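Chemist: Before I ask anything, here is the structure I am working with.
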C-alpha cells in the first residue's frame with residue numbers, strides 16, 4: 001500500500017519529511033537540487049516507494065494540529081466567497097442577501113448622538129482625562145449597573161457578575177480558552193458554527209468524520225420539529241460544557257420555561273456548565289419563553305450567559321456585548337469561575353471601546369430602549385413577510401416569530417444544492433442548513449435582516465422560481 005509523503009523544505013536548511021498518516025517529522029540534512037528532483041518522483045522508505053509532495057516552508061514550526069482539523073473555511077466567509085464568484089460571472093446580478101445575519105438599518109439616532117458626543121469628548125483635555133485611556137477590562141461600572149437594571153432586575157444577578165466585551169462571538173472563544181482543552185463538549189445540532197469550530201481549535205475534539213459529518217468527542221444534540229427543537233439531554237450525561245442558544249440560531253426556536261427548567265436540572269445533576277447564548281433574546285415575544293436563563297431557579301449555580309448589542313441595536317460592526325458569570329458558579333475544587341474569567345479578561349482584553357460603551361449606555365436609556373424595540377419590530381415584520389411567503393409557496397417553515405431567522409424545509413434535499421439553486425435562479429443568498437451541523441441538512445436559513453424593499457423583492461423572486469402551490 002502506497003502512502004503519500006510530503007517533503008517540507010524551506011528557503012534554507014533544514015528540510016523535513018512528514019508522512020501524511022503520521023505526525024512524526026524526520027530531520028534530514030540539506031538536499032542537493034538533483035536529489036530534490038529525484039524525490040519529486042519517488043522516495044524509498046523502509047523498502048517501499050512512496051509518492052512525494054515537495055512543499056516549501058519558511059520555519060521549523062509545526063502547524064497547530066487542532067486548527068488543521070477544521071473543514072474548509074468558516075461558514076459565512078465561505079458563503080461570501082461563493083457570492084462574489086457569482087457576481088464575477090454575472091456582473092449585472094442584483095444580489096439580495098438573506099444569508100449572514102448582519103443588520104442593515106441605521107443605528108438609532110439617540111444612540112449615535114451619544115457616541116458622537118463621546119468621540120468629541122476625547123478631543124479635549126478634560127474629556128480625555130475623564131473618558132480616555134485604558135478602561136476597566138470588565139467594562140465601565142455605570143454600564144454594568146445599567147445592564148443589570150435593564151435585563152436582570154428580577155433575577156439574582158449583580159452588576160459585578162457582568163463583564164462587558166466586544167461581543168458574544170469573541171467571548172465564546174475566550175470561554176474556551178478559560179476552560180482549556182480536553183473538555184467533553186455538547187452542542188445543539190443545528191447551532192451557531194462558532195461553538196463547534198472553537199471547540200475544535202482549543203483541542204476538545206478528535207478528527208472530523210466525513211460519513212457522519214461530525215467531529216469525534218463532541219456530542220451533537222439533535223434539535224428538530226420531532227422533539228420540539230429541544231434535545232435528548234441524556235446524550236450529554238458525560239458532557240462538561242453544554243452550548244445552548246435560545247432563540248436558536250439557525251432554527252429560530254425559543255426554548256420554553258419547562259424546557260429550560262429541564263436543562264438546568266440536567267446540568268445540576270451531572271455537574272456540567274451551560275454556556276447559554278442569549279444573543280436574540282430581545283426578539284422573544286412568547287411570555288412562556290424566558291429571555292434569560294437566570295429566570296430559571298438554580299441557573300446561577302450552573303450557567304454562564306453571553307449576550308450582545310449586535311442584533312439589539314445594529315452593533316454588528318461596532319462590537320459591544322457582555323457575559324454574565326454568577327458569583328455562585330464554581331469549579332469542582334470550589335473556586336469561583338468568575339475569578340478565572342476576570343483573570344483571563346484582564347490578560348487577553350483591554351476593555352471595550354469607550355465610544356462603543358457610550359453607545360451601550362444610550363441603548364439602555366428610556367429613549368434608547370424604545371428605539372431598539374422599534375428596530376427589532378421592523379426586523380420581526382421582515383421575518384413575518386418571509387415566513388408567510390414560504391408558507392404560501394407550500395413549504396414547511398419554522399422560526400420567524402421569536403427570532404429573526406426563518407428555517408425552511410426542502411424535504412431532505414442537500415442544503416448546499418438548494419443554496420446554489422436559489423443563488424443561480426434568484427440572485428438571492430441564503431444559508432445552507434448543513435453549515436450549522438449535520439441535522440441542518442435539508443434546510444436553508446433565511447435572515448430577516450434587510451431593507452424592506454429587498455425583503456419584498458426577495459419574496460417575489462422566490463415565489464416566481466420555487467412555488468409549489
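The values are calculated or read from the model by the stated rules, or taken from the named source; none is laboratory data. Since the model is a prediction, treat every value here as computed from it, not as a measurement. Cβ: placed from backbone, ideal geometry, glycine included. Neighbour counts: every protein chain shown.
Chemist: Considering region 384-398 alone, what residues qualify as being in contact with a strand residue (DSSP E or B) (Cβ under 7 Å, 6 or more places away or on another chain), free of Cβ contacts under 8 Å to residues at least 24 places away in the same chain and either at positive phi or part of a helix (DSSP H, G or I) (or both)?
Modeler: 387, 391
Chemist: In the list 321, 317, which residue meets the criterion of being surrounded by fewer than 16 Cβ atoms within 10 Å (Cβ to Cβ), assigned by TED's automatic domain parsing to the domain that holds residue 139 and under 27 Å from residue 450 (Cα atoms)? Walk me through it before giving the result.
Modeler: Details: 321 fails: surrounded by fewer than 16 Cβ atoms within 10 Å (Cβ to Cβ).
Of 321, 317, the one residue that is surrounded by fewer than 16 Cβ atoms within 10 Å (Cβ to Cβ), assigned by TED's automatic domain parsing to the domain that holds residue 139 and under 27 Å from residue 450 (Cα atoms) is 317.
Chemist: Of 67, 100, which residue is in a helix (DSSP H, G or I), within 30 Å of residue 341 (Cα to Cα) and not assigned by TED's automatic domain parsing to the domain that holds residue 204?
Modeler: Only one candidate qualifies: 67.
Chemist: Looking at region 237-258, can you tell me whether even one residue there is in the same structural domain as residue 326 (by TED's automatic domain parsing) and in a helix (DSSP H, G or I)? Show your work before the answer.
Modeler: The first filter runs over region 237-258 and keeps only residues in the same structural domain as residue 326 (by TED's automatic domain parsing), leaving 237-258.
Filter again for in a helix (DSSP H, G or I), leaving 257-258.
Yes, region 237-258 has at least one match.
Chemist: Next question, about the same structure. Look at region 209-254 and say how many of its residues are in contact with a strand residue (DSSP E or B) (Cβ under 7 Å, 6 or more places away or on another chain), more than 30 Å from residue 332 (Cα to Cα) and surrounded by fewer than 24 Cβ atoms within 10 Å (Cβ to Cβ).
Modeler: 1
Chemist: Between 173, 165, which is within 19 Å of the chain's Cα centre (by Cα), farther than 21 Å from residue 76 by Cα and either at pLDDT 95 or above or buried (at least 22 other Cβ atoms within 10 Å of the Cβ) (or both)?
Modeler: On the way: 173 fails: farther than 21 Å from residue 76 by Cα.
Result of the check over 173, 165: 165.
Chemist: Only one of these conditions is not met by residue 152: (1) modelled with pLDDT of 95 or more; (2) farther than 21 Å from residue 273 by Cβ; (3) more than 20 Å from the chain's Cα centre (by Cα). Which number is it?
Modeler: (2)
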